[in-house]
1. What residue, of Ala74, Ala80, is out of contact with any Cys (no Cβ under 7 Å at 6 or more places or on another chain) and part of a helix (DSSP H, G or I)?
2. Surrounded by fewer than 16 Cβ atoms within 10 Å (Cβ to Cβ), assigned to a loop (DSSP other than H, G, I, E, B) and in contact (Cβ under 8 Å) with a residue 24 or more places away in the chain: is that true of Pro32 in this structure?
3. List, please: which pairs have Cβ atoms under 7 Å, are six or more places apart or on different chains, and start with a residue in the range 77-92 that is touching a residue at least 60 places away in the same chain (Cβ under 8 Å) and end with one that is of a type in the set (Lys, Arg) and not in a loop (DSSP other than H, G, I, E, B)?
4. Being among the charged types (D, E, K, R), surrounded by fewer than 21 Cβ atoms within 10 Å (Cβ to Cβ) and under 19 Å from Thr200 (Cα atoms), is that true of even one residue in the range 157-171?
5. Could you please let me know if Gln21 is of a type in the set (S, T, N, Q) and over 18 Å from Ala156 (Cβ atoms)?
6. Could you look through the range 35-51, keep only residues that are in a loop (DSSP other than H, G, I, E, B) and modelled with pLDDT of 90 or more, and pick out the one that is surrounded by the fewest Cβ atoms within 10 Å (Cβ to Cβ)?
7. Quick check on the range 218-236. Is at least one of its residues outside the structural domain of Ala82 (by TED's automatic domain parsing), out of contact with any strand residue (DSSP E or B) (no Cβ under 9 Å at 6 or more places or on another chain) and more than 23 Å from Ala296 (Cα to Cα)?
8. Could you please find all residues in the range 193-218 being within 22 Å of His108 (Cβ to Cβ) and either polar (S, T, N, Q) or in a helix (DSSP H, G or I) (or both)?
Amino acid sequence: MSEYKVFCIIVTYRPDAEHLQRVLASITRQTPHIVLVDNTPGQHEALAVPEGVQRVTLGDNIGIAAAQNIGIRAALEQGADAVWLSDQDTVYPPQFLTDMLAALQTCHAQGIRLGALAPSYFDTNKGTVQAFVRHAPFTQFFLPQPGLHPVSHAIASGTLIPACALQEIGHMQENLFIDWVDLEWCWRAKNLHGYRTFCTGDVVIEHTMGDSSVYFRGKKVSIRTPIRHYYMVRNAIHIALHSQSATTPIRFEVFVKALAWTLVFPLIAPSDKRQHLRATLAGLWDGLCNRMGQKA
């Protein structure tokens, strides 16, 4: 694995310049192959990036999926063996890529048809390590343990995807724009192409889920902006009704969750409850009508 060529794809949107420098520093120490795709709309001051980082400035927000695909295509054209997806907030520990490649090698040695390999995530909003998820046939959560574990899906940041898997499964579904992009890809990989997603309990990174969190029925729930709640509801309905990526039990579960979120998100939002309600209702309607892409 010493000559394994890994490209890190970073998608940015109005990033904090100082924090982004820490993110880039943590990545450049581990791979020289980095593609930064900036989704920030309009004219703005160019991001300062280290020498060697390939920067793509879009001048518009085309969505996380489309931006990731731009970086993925660039990586594959330059002979990447794998892509490492990242958001603009994740600062990686020094041995991250070395440890992930060791886990990747274990998967290959065991004959696993690997679609994606992800670390464990410490959610800075909730202050806990996020549970892994499996479907049997409905969603089950289990605490990360040392070693490799098959899971139903993983969030994108910190995930390694072999190039051969991308070439067979395809890229991210761009009309989702944002939210459910990583889950849909993992489900499509397994259910339509036979590739599995694994998480390792031996590598932990910090990741921030949502913009804030509130307690609801004794649980800490991540809260996002109204527009993000729109996409969460709309894309859930799309996957449940109009996509073949997920299994029938999960499509049913996702549909029920989307209906619940339509009312729960506005209820627990700390402010602008009417705005949240308008957003979730619009997401519900657009999902039912299969009206996809960026919200007008």
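1. From the options Ala74, Ala80, the qualifying one is Ala74.
2. Considered against the rule, which asks whether it is surrounded by fewer than 16 Cβ atoms within 10 Å (Cβ to Cβ), assigned to a loop (DSSP other than H, G, I, E, B) and in contact (Cβ under 8 Å) with a residue 24 or more places away in the chain, Pro32 comes out as no.
3. Val91/Arg22
4. no
5. In short, yes.
6. Out of the qualifying residues, it is Pro41.
7. yes
8. The answer is His193, Thr197, Thr200.
The values are calculated or read from the model by the stated rules, or taken from the named source; none is laboratory data. Remember, it's a predicted structure, so these values are computed and weren't measured experimentally. A quick note on method: Cβ atoms are made from the backbone with ideal geometry, for glycine too, and the neighbour counts reach across all protein chains shown.
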